[in-house]
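The values are calculated or read from the model by the stated rules, or taken from the named source; none is laboratory data. Everything numeric here is computed off the predicted structure, so don't read it as measured data. Backbone-built Cβ (ideal geometry, glycine too); neighbour counts: all protein chains shown.
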Amino acid sequence: MNLNDKLRDTIKRNVQNHYESLSLLFGKPDSGNLTLAINNYNRPISYTRKEFISFSLNNSFDKESNQILAHEIAHLWWNKANIKNWEDWLNEGLAEYSSLILFREKYGNSVFKENISKLKTKIKDLPPIYNINYNNEYRQDVVTYKSAYLLYELENKIGKTNFIDLLKIFYKSNEINNATFLSLIENKFGIAIKEEFESKLKE
Ligand SMILES: [Zn+2]
């Protein structure tokens, strides 16, 4: 896809901004150089592999594309959970919620509230995150949006600073899986909060 220089510069600047803001929150990611490829598939698909982001752009670079971009950049941190089973919620939910935190810092609380209420609408009547089948038609929405909302609820419960600390520690842990995440919650905030979180995964 040929991009005009202005658009390319806008995207590049946003990539750098997102990368730097997220590095301030979580520390620098393990990855080295970052490659961003722009695709214009008919069906918008954006994905991130270690050090490579394929970013869908069909029309223009608007607020929504910038949010997708932030989600993809956040996968530089959140990509180590198993993508083949329901624990993919850790990759997708954390990437999505990181992008919402990033936009909260950038555009303030009213934009954040708006994004949370959109999120709430998207997750209405979705099946539980826990054990969601890979072939379930709602899988992508469940692991991305329902998980992000659950993380929002956790942040409300434990506070912003504690929440970021939790994510920092989780990012550095050797085993990125659901059990590790739950035991970190328990160690830092007690069994009641852990159990509540665990039961919400199953709701
Ligand atoms: Zn993703």
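For this structure, a couple of remarks:
- Residue in segment 159-174 that is outside any helix (DSSP H, G or I) and at negative phi present: yes
- Residues in segment 73-80 include at least one that is at pLDDT 70 or above and in a helix (DSSP H, G or I).
- Checking segment 81-91 against the condition returns a match, with at least one residue being modelled with pLDDT of 95 or more, surrounded by 12 or more Cβ atoms within 10 Å (Cβ to Cβ), of a type in the set (S, T, N, Q) and within 12 Å of the ligand (Cβ to nearest atom).
- Test result for Asn187, assigned by TED's automatic domain parsing to the domain that holds Lys122, touching a residue at least 24 places away in the same chain (Cβ under 8 Å) and either surrounded by fewer than 17 Cβ atoms within 10 Å (Cβ to Cβ) or assigned to a helix (DSSP H, G or I) (or both): no
- Per-region count, segment 88-110, residues in a helix (DSSP H, G or I) and more than 15 Å from Ala148 (Cβ to Cβ): 5
- Residue within segment 119-142 that is away from the ligand (no atom under 15 Å from the Cβ) and in a helix (DSSP H, G or I) present: yes
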